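The structure appears below as structure tokens.
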Amino acid sequence: MFSSNKIIGILGGGQLGKMTLEASNKWGLKIYILDPDENCPSKSLCSKFFQGDLMDFDTVYNFGKEVDLITIEIENINVDALEELKKENKIVYPQPEILKIIQDKSLQKEFYSKHNIPSAPFKKFISKEELKNFISNDERQYPFIWKSSKMGYDGYGVKLIKDNNSIENIPDKHCIIEDKAEIEKELSVMVVSTPSGEVINYPVVEMQFNSRSNQVEYIISPARIEKEIKEKAESLAIKVSKSFGNIGLLAVEMFLTTDGDILVNEVAPRPHNSYHFSIEGSKTSQFEQLIRSILDLPSGKTSTTNNSVMVNLVGDQNKQGPVIYKNMDQIIGIEGVNPHIYGKKETRPNRKMGHITVINPNIDEAIKIAKEIKKTVKVTSN
């Protein structure tokens with residue numbers, strides 16, 4: 001229900017919170033933010049800011065008592081506090097029991113197996129030693145993918161294991177290993193679900209990753225795939241969302257294999273980097289859609305308005321400190337170029353500092369412009 005008096009609390013005040021606030025402020029909604037960084041991007045836009053540790057039970061619980069409805073912009077939060085708040089009839093989306101599964105990649109993979117959702121074969125381990133023993137018994141051949149069970153984010157906690165030396169460089173923690181899929185493309189579908197039962201999706205997009213950082217570098221909308229693959233990917237994403245019973249947003253990341261199969265990689269129950277382009281490139285942005293869904297308002301149209309390519313602006317590999325954006329003036333005047341700077345004061349290697357969406361009727365031209373932007377704009381420090 002729409003009400004300008006209802007207070008929404010967002011756990012996390014990074015760029016996703018900031019862009020959600022830019023959407024919600026049009027409607028005069030009261031949004032409170034909890035974040036550990038007193039200079040986080042969301043602070044200047046929210047109705048009230050609370051500084052605190054997102055992993056601390058008391059901090060999250062007490063914040064939740066201040067608001068009417070709680071949502072997230074990052075998964076790494078204290079779920080036990082959210083479960084307690086839900087028991088006390090506080091509205092929490094995504095639901096804590098779902099978030100608990102998504103926080104742990106081993107539980108996520110077991111969930112896919114249980115619900116007949118196609119995903120790469122996996123095995124879980126409680127330590128590096130257990131994994132090494134498994135390999136030494138000739139039960140596993142290289143290469144394979146290693147993933148930390150918890151706290152992985154933006155390419156961190158994922159490694160390609162090629163040989164014994166690679167094993168020595170991984171941390172000693174709970175983990176899973178997966179078969180290395182032969183990937184033709186990486187895809188993403190954003191699903192929107194409301195408490196009233198409405199479930200819709202955005203058109204599938206194509207993700208291109210930086211091979212060194214394992215972060216998303218470009219998003220191409222629409223994905224350059226055949227209609228049959230498009231329908232298959234979007235249908236699978238809807239199945240995943242309905243299986244979880246998630247309320248709000250659910251980004252479903254998938255692999256399109258060279259054999260034409262589609263495998264679910266992982267999910268994120270929040271706004272996602274793969275749909276930042278929706279601010280300019282869709283009839284309704286993912287950020288407005290989040291607000292609509294958790295308030296149980298009618299969903300906005302998810303269709304695209306034009307071809308879009310998004311490029312992430314990340315911190316220089318060799319620089320850390322007060323941020324400087326170089327050569328922005330060279331690209332701002334290009335037709336169809338839409339810069340978004342997140343307002344983070346400090347840069348560091350591979351930190352997401354902004355993105356630029358290129359809108360162009362010709363998708364090949366949009367890709368060309370995005371790649372020129374990547375070469376031109378530098379996120380650095382003195």
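Restricting to segment 126-167, and then to whatever is within 27 Å of Q103 (Cβ to Cβ), at pLDDT below 80 and out of contact with any strand residue (DSSP E or B) (no Cβ under 9 Å at 6 or more places or on another chain), can you tell me which residue is surrounded by the fewest Cβ atoms within 10 Å (Cβ to Cβ)?
The residue in question is Y153.
What are the residue pairs meeting all of these: first residue in segment 223-236, first residue in contact (Cβ under 8 Å) with a residue 60 or more places away in the chain, second residue surrounded by 13 or more Cβ atoms within 10 Å (Cβ to Cβ) and assigned to a helix (DSSP H, G or I), Cβ atoms under 8 Å, and 6 or more apart or on different chains?
What qualifies is R224/I363.
I'd like the residue in segment 67-90 that is of a type outside the set (D, E) and touching a residue at least 40 places away in the same chain (Cβ under 8 Å) and, out of all such residues, is nearest to K48 (Cα to Cα).
V67
Name the residue, out of V216, V252, that is aliphatic (A, V, I, L, M), within 28 Å of P195 (Cα to Cα) and buried (at least 22 other Cβ atoms within 10 Å of the Cβ).
Of V216, V252, the one residue that is aliphatic (A, V, I, L, M), within 28 Å of P195 (Cα to Cα) and buried (at least 22 other Cβ atoms within 10 Å of the Cβ) is V252.
Here is a yes/no grid of residues against (1) assigned to a strand (DSSP E or B); (2) within 21 Å of S308 (Cα to Cα):
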{"residue": "I200", "(1), (2)": "yes, yes"}
{"residue": "P203", "(1), (2)": "no, yes"}
{"residue": "E206", "(1), (2)": "yes, yes"}
{"residue": "S213", "(1), (2)": "no, no"}
{"residue": "E217", "(1), (2)": "yes, yes"}
{"residue": "I220", "(1), (2)": "yes, yes"}
{"residue": "R224", "(1), (2)": "no, yes"}
{"residue": "E231", "(1), (2)": "no, yes"}
{"residue": "S235", "(1), (2)": "no, no"}
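Can you find a residue that is touching a helix residue (DSSP H, G or I) at 6+ places or on another chain (Cβ under 9 Å) and not hydrophobic (A, V, I, L, M, F, W, C) anywhere in segment 186-193? Can you show your working first?
From segment 186-193, those touching a helix residue (DSSP H, G or I) at 6+ places or on another chain (Cβ under 9 Å) are 187-193; that's our starting set.
Next, from what is left, pick out any that are not hydrophobic (A, V, I, L, M, F, W, C): 188, 193.
Yes, segment 186-193 contains a residue that is touching a helix residue (DSSP H, G or I) at 6+ places or on another chain (Cβ under 9 Å) and not hydrophobic (A, V, I, L, M, F, W, C).
For segment 57-115: of the residues being touching a helix residue (DSSP H, G or I) at 6+ places or on another chain (Cβ under 8 Å) and among the acidic types (D, E), which is nearest to F244 (Cα to Cα)?
E97
Is one or more of the residues making up segment 128-136 out of contact with any Gly (no Cβ under 8 Å at 6 or more places or on another chain) and either within 24 Å of E75 (Cα to Cα) or part of a loop (DSSP other than H, G, I, E, B) (or both)? Write out each step before concluding.
From segment 128-136, those out of contact with any Gly (no Cβ under 8 Å at 6 or more places or on another chain) are 128-136; that's our starting set.
Now restrict to residues that are either within 24 Å of E75 (Cα to Cα) or part of a loop (DSSP other than H, G, I, E, B) (or both): none.
Within segment 128-136, not a single residue is out of contact with any Gly (no Cβ under 8 Å at 6 or more places or on another chain) and either within 24 Å of E75 (Cα to Cα) or part of a loop (DSSP other than H, G, I, E, B) (or both).
So which of T380, T357, T347, T376 ends up being at pLDDT 95 or above and closer than 24 Å to V191 by Cα?
Values: T380 fails: closer than 24 Å to V191 by Cα; T347 fails: closer than 24 Å to V191 by Cα; T376 fails: closer than 24 Å to V191 by Cα.
Just one listed residue meets the conditions, T357.
The values are calculated or read from the model by the stated rules, or taken from the named source; none is laboratory data. For clarity, every value in this text was computed on a predicted model and none was experimentally measured. Cβ sites come from the backbone with ideal geometry, for glycine too, and all protein chains shown count toward neighbours.
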